[in-house]
Ligand SMILES: [Zn+2]
């Protein structure tokens with residue numbers, strides 16, 4: 001069918017032209033645990049450079065995820081081990097990817113045909129209650145901190161603390177202030193709802209939810225309620241729609257790329273297109289939707305957006321321009 005072919009070609013061209021910016025993956029831990037390399041295509045995991053190229057990914061947040069066994073008192077050492085692993089991968093693959101710490105470096109890397117990699121830490125336990133550690137992590141290149149994982153830490157309660165669901169501690173408030181001063185992204189994915197509202201109130205800069213979906217479509221505590229979505233959007237922030245099936249639907253069925261785009265549609269309808277981004281969670285989940293099994297499949301999102309009547313400029317914003325705008329504003 002000629003019509004379908006033309007449509008596919010258009011989607012491919014549009015995807016290639018756009019800057020694709022993914023707000024979250026857990027690939028560093030996957031590399032550390034499976035002794036694989038970012039540079040070679042392997043059937044293990046969801047993300048490596050060859051498949052990123054096929055998927056047209058230009059900018060990628062690489063999160064340092066601290067496993068439970070290291071919490072709380074070995075969190076910092078584990079964070080440093082994972083950052084070391086990340087740095088070694090950047091060195092090994094320096095012709096194809098580089099660590100970037102500001103907006104200009106993203107453009108420089110992309111212009112040189114390289115993927116721009118941004119370092120983030122998933123879980124404020126990495127700070128071990130010390131603002132000095134935050135400042136040193138910034139110097140190591142970290143530009144985003146997910147304040148909590150599911151548990152409680154020194155900053156706040158995560159969504160797993162459903163009995164208490166407390167907001168930010170005194171230390172947590174200081175972290176917000178320091179992150180604003182340093183110009184780091186504050187990430188509210190995994191944070192308790194009370195904590196979310198504290199951050200909205202206290203942060204002077206736009207904030208992000210690097211990998212969260214819409215509660216109205218899938219009532220999981222990891223997802224954001226309508227009022228949260230609106231507040232985050234009003235502040236100029238971005239929500240990275242995540243591909244994790246449990247956060248897409250509560251129906252017991254195989255999810256597809258269409259389910260991901262349903263959450264995108266919902267965000268656009270509730271809070272406008274400027275707050276929408278992607279936050280895959282590749283290598284942070286065992287199961288992924290049909291048509292989004294690994295990073296090389298990301299162009300399927302562009303095709304589905306085009307199917308649903310999105311215009312080119314709108315698609316560009318969703319794929320990466322919104323995250324880029326927020327990065328420029330917050331990080332500089
Ligand atoms: Zn996560």
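All of the numbers you see were taken from the coordinates with simple rules; none came from a lab. It should be emphasised that the depicted structure is a prediction, and the values quoted were computed from it without experimental measurement. Quick reminder, even Gly has a Cβ in these numbers, built from the backbone with ideal geometry, and neighbours come from all protein chains shown.
How big is the convex hull of the Cα atoms of segment 8-97, per residue, in Å³?
Working: hull volume 9.6 nm³, N = 90.
Cα-based convex hull of segment 8-97, divided per residue, equals 107 Å³.
Sorting 220, 24 on the 10 Å Cβ count, fewest up front, what's the list? List each step's numbers first, then the result.
Numbers: 220 17, 24 30.
In increasing order of surrounding Cβ atoms, one gets 220, 24.
First obtain the Kirkwood hydrodynamic radius of segment 57-185 from its Cα pairs, then insert it into the Stokes-Einstein equation at 10 °C and 1.306 mPa s, and state the resulting D in µm² per second as a whole number.
On the way: Rh = 15.3 Å.
Result for D is 104 µm²/s.
If one computes P(r) from the Cα atoms of segment 206-267, what percent of pairs lie at distances over 20 Å? It would help to have the intermediate numbers written out before the result.
Values: 350 of 1891 pairs.
That tail contains 19 percent of the Cα-Cα pairs.
Over the Cα atoms of segment 142-198, each weighted equally, I'd like the Debye log10 I(q)/I(0) at q = 0.13, 0.25, 0.26 Å⁻¹, rounded to two decimals.
With one equal scatterer per Cα and no solvent, log10 I(q)/I(0) is -0.27, -0.92, -0.98.
What FRET efficiency comes out for residue 91 versus residue 328 if R0 is 35 angstrom and r is the Cβ-Cβ distance? Round to the nearest 0.05. Please report the intermediate quantities before stating the final value.
On the way: r = 27 Å, r/R0 = 0.77.
Rounded to the nearest 0.05, the efficiency is 0.85.
Calculate how large, on average over all directions, the projected area of the Cα convex hull of segment 261-332 is; give the answer in nm² to one decimal.
On the way: hull surface 22.3 nm².
With every direction weighted equally, the projected area is 5.6 nm².
Which one of 281, 198, 95 has the biggest mean-square fluctuation once the chain is modelled by GNM with Cα springs under 10 Å?
95
Quick one: length gained pulling residue 17 to residue 4 fully straight, 0.36 nm per residue minus the C-alpha distance? Intermediate results must be reported in sequence, preceding the final value.
Details: separation 13, 0.36 × 13 = 4.68 nm, distance 2.01 nm.
So the chain would gain 2.7 nm between residue 17 and residue 4.
Determine Rg/Rh for segment 162-300; Rg is computed over alpha-carbon atoms and Rh is the Kirkwood hydrodynamic estimate from the same atoms. Let's see the in-between values first.
On the way: Rg = 15.2 Å, Rh = 15.5 Å.
Rg/Rh for segment 162-300 comes to 0.98.
Counting DSSP beta bridges with both partners in segment 88-219, what percentage is antiparallel, nearest 5?
Values: 1 of 12 bridges.
The answer is about 10 percent antiparallel.
Report for the chain the percent antiparallel among DSSP-assigned beta bridges with both residues inside it, nearest 5.
Details: 1 of 31 bridges.
Here the share of antiparallel DSSP bridges comes out near 5 percent.
What does the helix-only formula give at 222 nm for the chain: each DSSP H stretch with n ≥ 4 adding -39500 (n - 2.57), the total divided by the residues, and the result rounded to the nearest 500 deg cm²/dmol? List each step's numbers first, then the result.
Values: 13 runs with 137 residues, N = 332.
Using -39500 (n - 2.57) per qualifying helix, the result is -12500 deg cm²/dmol.
I want to check the label-to-label distance for residue 136 and residue 53. Put each point 7 Å from Cα in the C-beta direction and report it in nm to one decimal.
Going from the residue 136 label point to the residue 53 one covers 3.7 nm.
Share of Cα-Cα pairs in the chain beyond 35 Å, in percent?
Details: 7517 of 54946 pairs.
Considering the chain, 14 percent of its Cα-Cα pairs are separated by more than 35 Å.
Could you list 48, 321, 226 so that the one with the fewest beta carbons within 10 Å of its beta carbon is first and the one with the most is last? Intermediate results must be reported in sequence, preceding the final value.
Values: 48 25, 321 19, 226 13.
In increasing order of surrounding Cβ atoms, one gets 226, 321, 48.
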